[in-house]
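Bear in mind these aren't lab numbers, they're just calculated from the coordinates by the rules spelled out. These numbers come from a predicted model, not from an experiment. Glycine gets a Cβ as well: all are built from the backbone with ideal geometry, and neighbour counts include every protein chain shown.
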Amino acid sequence: LDQPVQRLIHSSPNDEMGSMMWRSTKIRQQVNAGNCFSEIERDQLRRPVALWPIHYSRVHPCRANEDLARENGVRMGALLWEVRTADIDGNGDPHYIPDRDMLHIPSMVSDNGIWGKGVIENARESIGFGIATEKQGASFMKNSARPSVVIKGGNFRDKGAREYYRQSWIEAHSGSANNGLLAVLPQGAELDTFSFSPEDW
């Protein structure tokens, strides 16, 4: 097929690198970081003539405000790619590339359908969620799978007496071994419970 896009991807994306080097670089970035980018260079007839790789760390998605829409020939709210220029410090003033002129290949994992997640980031979040769930479950079961209770009223002499009763309640009713023990309330107090299930937590 004698198509510009087929030639760029199959043979040579630009004058400085071959197809295999370009592909391997982009695949590594897409898998590890979740995104890979190449700016599409076009001729006067808007035909693609080269693909220039851009490191993902320099790219960030944004939406066009009135000024950016006018400068880049897009509608307000259109997707743009903010690219930081690489200077000595690794920073620099950004320039913006319309989505039509950016070849962006995200990973299959994404929170918004635009910016992909790499396998490392996704694994880190999954492991963190698993650890948090395990801790929450252990804490829940430690208290006999029961949420906290509220004791309303009660003729406590002072704050110290109230805190002493609260600690005594925890010692008497926490843990599966104490499940179902008779509760003793202060005079004039009422007991109320939260009817949450473990799934609600």
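So for the pair Ser24, Met108, with labels modelled 7 Å out along Cα→Cβ, what separation do we get in nm?
2.5 nm
Note the full-extension length gain between Glu190 and Ala132 as 0.36 nm times their separation in residues minus their Cα-Cα distance, in nm to one decimal.
Difference between extended and current length: 17.5 nm.
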